[in-house]
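Just below is one structure, and these are the notes that go with it.
The values are calculated or read from the model by the stated rules, or taken from the named source; none is laboratory data. A quick note: this is a predicted structure, and the numbers were derived from the prediction, not measured. All Cβ positions, glycine included, derive from the backbone under ideal geometry; neighbour counts span all protein chains shown. The accessibility values were calculated without ligands, DNA or RNA, using every heavy atom of the protein model including side chains. Shrake-Rupley method; radii C 1.70, N 1.55, O 1.52, S 1.80 Å.
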Amino acid sequence: MAHPTQLGFQDAASPVMEELLHFHDHALMIVFLISTLVLYIIVAMVSTKLTNKYILDSQEIEIVWTVLPAVILILIALPSLRILYLMDEINDPHLTIKAMGHQWYWSYEYTDYEDLGFDSYMIPTQDLTPGQFRLLETDHRMVIPMESPIRVLVSAEDVLHSWAVPSLGVKMDAVPGRLNQTAFIASRPGVFYGQCSEICGANHSFMPIVVEAVPLEHFQNWSSLMLEDA
């Protein structure tokens with residue numbers, strides 16, 4: 001999860017988020033190089049009175065500063081398109097979960113099970129136990145098996161919401177009357193936090209998302225206990 005004074009992204013917990021981090025670093029390096037070149041040109045123009053008569057009207061330079069930006073844009077666009085297609089692919093999910101947005105909480109249905117579903121409310125500050133995070137903890141976490149393709153069907157009951165978990169590289173709008181889908185793989189065990197990323201009303205920042213990735217055996221034990229309680 002994010003921490004105070006953090007400048008970069010959260011640590012990647014899925015292959016797609018790792019790709020997004022690599023693309024961010026790739027694009028940022030190009031921006032740094034362009035900024036350095038422009039700054040050098042500005043400083044050189046301001047600090048010297050010398051001019052070169054061959055540069056004032058040079059066909060070669062015009063060709064270079066037309067072709068070079070086009071090449072740079074291609075170097076940015078191709079990796080970006082690759083990641084867009086990777087994020088859109090859903091290959092043989094092992095588990096499907098339906099996330100419904102409400103004002104202001106999430107409800108989850110494990111559609112592969114007959115009767116497994118629950119509501120997920122934020123834990124009030126006064127009820128938090130030591131070690132829990134204010135405004136991020138929920139009374140029921142969305143538990144998933146790690147290293148398994150998970151498909152999440154996202155919709156809403158009332159207004160627009162957005163189901164987002166930054167460390168997993170997932171963000172999908174929840175639209176009333178529409179069923180959107182996204183997929184991810186949690187590459188390591190852990191607890192990953194997110195929040196509704198749509199301005200859906202006064203308490204939109206108080207409907208957190210907690211995804212807990214556990215080994216498959218632990219997930220099977222958890223699902224059995226949940227079905228017994230139901």
Spelling it out for S148: with amide H atoms placed in the peptide plane at 1.01 Å from N, the residues 5 or more places away or on another chain with amide H under 5 Å from its amide H are A186
Any idea what angle helix 15-47 forms with the longest principal axis of the chain, computed on alpha-carbon atoms, 0 to 90 degrees, nearest 10? 30 degrees
For the stretch 215-227, 3J(HN,Hα) per residue [Karplus equation, 6.51 cos²θ - 1.76 cosθ + 1.60, θ = phi - 60°, Hz, x = Gly/Pro]: x, 4, 4, 5, 5, 5, 5, 4, 5, 5, 5, 5, 5
Expressed as a whole-number percentage, the relative contact order of the chain with C-alpha contacts under 8 angstrom and at least six residues apart is 21 percent
Expected vector for the stretch 158-169, Karplus 3J(HN,Hα) from phi with 6.51, -1.76, 1.60 and θ = phi - 60°, integer Hz, x for Gly and Pro, equals 10, 10, 5, 10, 8, 8, 9, 10, x, 5, 9, x
K171 accessible area, assembled protein chains, probe 1.4 Å, Å²: 120 Å²
When all protein chains stay in place, what accessible area (Å², nearest 10, 1.4 Å probe) is found for T66? 90 Å²
Given (1) 17.9; (2) 18.7; (3) 20.7, the label whose value is Kirkwood radius over Cα pairs in Å derived from this model: (3)
Using a Gaussian network model on the chain with a 10 Å cutoff between Cα atoms, which of V159, V214, V71 fluctuates the most? V71
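Within the accessible area of the chain, what % is carbon and sulfur when the probe is 1.4 Å and the other protein chains stay in place? Mind showing how you got there, number by number?
Values: 8790 of 14540 Å².
Looking at the chain in its full context, I get 60 percent from C and S.
Nearest-5 percent of antiparallel DSSP beta bridges in the stretch 95-229? Don't skip to the answer; put the middle values down first.
Values: 28 of 40 bridges.
Within the stretch 95-229, antiparallel bridges account for around 70 percent of the total.
Taking 30 Å as R0, compute the FRET efficiency from the Cβ-Cβ separation of S224 and D139 and round it to 0.05.
0.90
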